[in-house]
Amino acid sequence: MSIPFDIYVIQAIHGIVYGMLLFLVAAGLTLVFGMMGVLNLAHAGFYMLGAYLAYSITAYTGSFWLSMMLAPLGAALGGGLVERFLLRQVHGYGHVYELLLTFGVFLVTGEIVKWFWGNSSLPAIEIPSVLSGSLTILGATYPFYRLFILLCGLLVLIFMALLLLKTRIGITIRAAVSDGEMVAALGTNVPRVFLGVFVIGSALAGFGGVIAGPFLGTNPSMGFDILNDAFVVIVIGGFGSLLGALVASLMIGVLQSYGVLILPKFALVFQFVLMALVLIIRPHGLFGDKE
């Protein structure tokens, strides 16, 4: 049975949209790893927390736009507390301790979510009417909200590029990545820079959760779901590479979209096959630096 051409187009757009949503989460994760060398598994917990906070804020205020501003701040606050009072205490003991700590924070965040919001999936957030329509593309309808996700991903990409390349803060961050000891010797408070990077990364995760709620649903398993894809993204793109996170996110999004269309039973396998091939050819990832 042949598949109409318009279905291929819609699936391509859907893959790009999911890829940009994945980039929202993976960008913060790769930023933290590139700056601090920490594979922050708690990142998925902040993503989930952002989605649940957005649900409650929207339910109480009736404003989805307000939840887009406040929920990431809640995730950023949680990230700041974790870095300042937990992660900083084990930073000198090695990556294994950091990995175990952040995984523990992720599990605790999941239990907190279940405690306050329950074990069941929450109803879909009511999105603004301006985002509830659809657009006709080659005879098929495509929801405006998914295009809004694409726009949000592009805005975050522009923001991070300007922050890292055009501001003094970005220069300090990139310098600390290259040689943290020298930056500290020049008078920069490197732990404070670490805290700022962790807060920004957590806010991006929370923002991704807000955007993902109406699209993928808000449920206790959403953290594990995004963690799998985000981990594959940073491995394929290269640890610490923002460009790699973008390219890998789009690759995974399109691959999953067409995989569901063509071979649905094996759709989830394709991304791991791609990761294995990349690791064989370029063990440091597509855009990662050789260590």
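So here's what we get for this one:
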quantity: Filter result (of a type in the set (Gly, Ala, Ser) and within 20 Å of the chain's Cα centre (by Cα)) within the range 91-123; calculated: 104, 110
quantity: Cβ pairs under 7 Å, 6+ apart, first in the range 138-167 and within 18 Å of residue 18 (Cα to Cα) and in contact (Cβ under 8 Å) with a residue 60 or more places away in the chain, second in a strand (DSSP E or B) and of a type outside the set (S, T, N, Q); calculated: 142/135; 147/135
quantity: Candidate set from the range 96-120 (those that are of a type in the set (Ser, Thr, Tyr) and either touching a helix residue (DSSP H, G or I) at 6+ places or on another chain (Cβ under 9 Å) or surrounded by 14 or more Cβ atoms within 10 Å (Cβ to Cβ) (or both)); member that is farthest from residue 218 (Cα to Cα); calculated: 97
quantity: Positions within the range 256-277 being more than 13 Å from residue 231 (Cβ to Cβ) and surrounded by 18 or more Cβ atoms within 10 Å (Cβ to Cβ), in sequence order; calculated: 256, 257, 259
quantity: Filter pass, residue 122 being among the aliphatic types (A, V, I, L, M), modelled with pLDDT of 85 or more and touching a strand residue (DSSP E or B) at 6+ places or on another chain (Cβ under 9 Å); calculated: yes
quantity: Residue match in the range 70-79 (condition: outside any helix (DSSP H, G or I), among the aliphatic types (A, V, I, L, M) and in contact (Cβ under 8 Å) with a residue 60 or more places away in the chain); calculated: no
quantity: Any hit, the range 83-95, residues being polar (S, T, N, Q), surrounded by 24 or more Cβ atoms within 10 Å (Cβ to Cβ), in a helix (DSSP H, G or I) and at pLDDT below 90; calculated: no
quantity: Unique residue being within 16 Å of residue 207 (Cβ to Cβ) and within 16 Å of the chain's Cα centre (by Cα) when the list is 77, 73; calculated: 73
quantity: Subset of the range 187-202 [farther than 27 Å from residue 51 by Cα and assigned to a helix (DSSP H, G or I)]; calculated: 190, 191, 192
quantity: Sole exception among (1) out of contact with any Cys (no Cβ under 9 Å at 6 or more places or on another chain); (2) under 18 Å from residue 122 (Cβ atoms); (3) surrounded by 22 or more Cβ atoms within 10 Å (Cβ to Cβ) for residue 225, by number; calculated: (3)
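The values are calculated or read from the model by the stated rules, or taken from the named source; none is laboratory data. This structure is a prediction, so every number in the text was calculated from the model and none was measured. Positions of Cβ are backbone-derived with ideal geometry, glycine not excepted, and every protein chain shown enters the neighbour counts.
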